[in-house]
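What follows is a set of notes on a single structure, which appears directly below.
Just so you know, all these numbers are worked out from the coordinates, no wet-lab data involved. Since the structure is predicted, the reported quantities are computational estimates derived from the model, not experimental observations. Positions of Cβ are generated from backbone atoms using ideal geometry, with glycine treated the same way; all protein chains shown enter the neighbour counts.
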Amino acid sequence: MGHNDSGGSEKKSSESANDIQTFNAENLQSNMKVIYYSRTFLAIISGVIAGILGFTGLTGFIFYVLIMAITSLGLVAKAKFSVHSYFDSWNRIILDGFFGGLMSFVLFWTFAYDIVHIF
Amino acid sequence: MVTKTEETQLNRLESQVEHGGGGAWDYLCLVRKLKVRRSDKVLKYGLSILNDPKKRSGLGAEEWTLYEQVAIAAMDCQCLDVAKDCINVLQKRFPESKRVGRLEGMLLEAKGSWAEAENAYASLLEDNPLDQVIHKRRVALAKAQGNLPGAIEFLNKYLEIFMADSDAWRELAEIYVSLQMYKQAAFCYEELILAQPTVPLYHLAYADVLYTLGGLENLQAAKKYYSSTVDLTGGKNTRALFGVCLCTSAITQLTKGRNKEDSPDLQSLATAALEKDYKQRASDKVSVLASALKSLKVSS
Amino acid sequence: MAEDLVLDTAIRDWVLIPLSVVMVLIGVLRYFVSKLMRSYQVPDAKIVKEGQVIVRARNLRSGANFIPSKAFRARRIYFSNEENGLLFVPKGQAQNAQAQMFSDPNMAMDMMKKNLSMIIPQTLTFAWVNFFFSGFVAAKIPFPLTQRFRSMLQNGIDLSTVDVSYVSSRSWYFLNLFGLRGLFSLILGEENAMDDTQRMMQMSGFGFDPTKSLSAEKDGLDIVQHEWALPKFEQRAEAVLRKLVS
């Protein structure tokens, strides 16, 4: 389910990646937006899945980290493994939106878990 | 900027509408969103919606936007009667609106009554001195009258406030070039390159201006900008390739071969690329190219 | 978990789900209301100009290496000289801006409007939650927490024996408030994404100070090392052409 929502909006933002980086700010921004959206989306979906499967405690958080790692991997694959032609640093692809998504994850995890398992 | 996907979408919609497939409203929305100029089509399809009461009322509040769009398109096509009708409808609906006032100014402009249009814009600007569109209309007005110094003056006044507007910088640069004020034009192109360093067109235009200015330093800079254009376009830009050749030969002429800092490879590569390109796309002109390149080489 | 509470399914049907749904709906509603209330105000020429100056200076900073150093130096002086540079803020004017903020009723009004669209629905929902659902144990978070979180998660029920992971309805409201932001940014577009946090910041600082960003931009511009990138492009062009020709 990786990164299919990241669509075709990623554009080549630099012409070539040797010593000078030439980035188009707009394209970079749109790439970041794509990352943010896919992360939030996956955080919500994975929250619901974790809740339905009944993960509790640490397992749930490990599940979240795992999903985020898969997302990162998917994004890197989408960028055809040449991260520097789409983003200015690795942190963008790995960390951006990680903590923002955590809150949504916890909420939907709790929600689904309660509905399925508690009552 | 219109991206390629947007353009294909637009063209697809256009042909769909043309063949009676419907979707005229979507097409008009897209035209408006992308700010492309297809006035004849807009006029035709926009009117077909406006003349159909059922379709028109289906738009709701968007109806007025359509009136505005059609009015502007009609002025562009010199259908002044249509434009006038549209503006009158809008005037009735929004009697105090500045936006309608702007349209009226544009109508005056389209009729060619410059002084009246100028007055209309001036009074509109008094109410809202930060209306970018009206500032730009005034520039266009001055330009239409052939009053280029006036246009420059208006543009400078506009850029003093909205100095991050790269379209205005571009317009100013082009006016300066047409008046042969190359130093000023160079400044404008520098500004454009700063704003969008990855657009090869600005590099190319800047290089042209530098080459025209002449002098060793400028020629060397021009060569560098031609090469950056080559790099940014992947060697597809013929003008940049010619520019590289011209610059190199001009530099060697000036330095009389004492030039050590540049490698001679670039010129030969550029010529080779040019020859290849001409052979592929215009094989009948290869001989012309060869003689032109030869004249450059002779001088070196 | 020996002391598992048994929660009535009616709580789920009549507290947990309605609360969440209402939160989502209110978020959507607020988005549209704030869109409606966004009034058109005539911007002040000075503020517009300052914003544009900042954009242009930022462009200069990021694109510095693309123009010849002579051009860059001329621009830098234009922006940051101590007499009449565009980014130079005379001392004493810095405080003025804040005072002006307070004295300008229009600006305060606008700020009020912005904040109202945030505060009113929030207080209303909070009051509504308090009124209808106070005292319910509405949910249970699926991971253990320490006692410190009791006041956060069991706001509204005064029982010290209940396991901390049970969440009261009021706290569920807060959880929703923060957790739904991601969902809103997905369904409403990015406009809404950071809205709340930004507004909070604005509230605390009561507006931002444009002179501050001007001088910050000036400092940034002063330390830029100019290194013309274009000479490298000749080699790059050679490489490109070589690939093309061969």
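Things worth noting here:
- Separation of alpha-carbon centers, segment B:1-22 and segment B:122-188, rounded to whole Å: 33
- Once backbone amide H atoms are built at 1.01 Å from N, C:V167 has C:A138, C:A139, C:K140, C:I141 as its partners under 5 Å, excluding neighbours fewer than 5 places away on the same chain.
- Residue exposure proxy: B:R281, C:R76, ordered by other Cβ atoms within 10 angstrom of their Cβ from fewest to most, comes out as B:R281, C:R76.
- Range in chain B, longest, excluding exposed GluC sites (Glu not before Pro) [loop by DSSP; at most 16 other beta-carbon atoms within 10 Å]: B:97-260
- Across every direction, the projection of the convex hull enclosing the Cα atoms of the protein assembly as shown has a mean area of 38.6 nm².
- Projecting the Cα atoms of C:A64, C:G51, B:G22 onto the dipole axis of the protein assembly as shown, where Lys and Arg carry +1 and Asp and Glu carry -1 at the beta carbon, places C:A64 farthest toward the positive end.
- Residues B:K157, B:K35, A:K78, ranked from the fewest to the most other C-beta atoms within 10 Å, line up as B:K35, B:K157, A:K78.
- As a calculated quantity, the FRET efficiency between B:H19 and B:N51 at R0 = 25 Å, using C-beta atoms, amounts to about 0.80.
- B:T65/C:I120 FRET efficiency (R0 22 Å; Cβ-Cβ; nearest 0.05): 0.10
- Per-residue Cβ neighbour counts within 10 Å put B:T198, B:T5, C:T161 in the sequence C:T161, B:T5, B:T198, beginning with the fewest.
- Cα-based helix-to-principal-axis angle, B:238-255 vs chain B, degrees rounded to 10: 40
- The calculated FRET efficiency for C:V24 paired with B:K279, based on their beta-carbon distance and R0 = 60 Å, is about 0.40.
- Taking 7 Å steps out from each Cα toward its Cβ at B:K256 and B:E217 produces label points 2.2 nm apart.
- Centroid-to-centroid separation of segment C:53-88 and segment A:32-101 [C-alpha atoms, Å]: 39
- Note on B:C29 and B:S97: their simple-model spin labels are 1.9 nm apart, each label 7 Å out from Cα toward Cβ.
- Listed residue pairs exceeding 21 Å between alpha carbons, taken from B:K111/B:K143; B:K183/C:K49; B:K41/B:K236; A:K33/C:K140; C:K70/C:K232: B:K183/C:K49; B:K41/B:K236; A:K33/C:K140
- Projecting the Cα atoms of B:Y121, B:A110, B:A73 onto the charge dipole of segment B:1-142, computed from C-beta unit charges around the Cα centre, puts B:A73 farthest toward the positive end.
- Positive-end residue of B:Q184, C:S80, A:V65, charge dipole of the protein assembly as shown with Cβ unit charges: B:Q184
- In chain B, the longest principal axis of the Cα atoms and the axis of helix B:265-281 are about 50 degrees apart.
- For segment B:57-109, the equivalent ellipsoid derived from the alpha-carbon gyration tensor has semi-axes of 17, 13, 8 Å in decreasing order.
- Assigned charges on the beta-carbon of Lys, Arg, Asp, Glu; the protein assembly as shown dipole about Cα centre (debye): 1360
- Between helix B:182-195 and chain B there is an angle of about 70 degrees, using the helix long axis and the longest principal axis of the Cα atoms.
- Charged side chains reduced to their Cβ positions (Lys and Arg at +1, Asp and Glu at -1) give segment A:24-118 a dipole of some 200 debye around its Cα centre.
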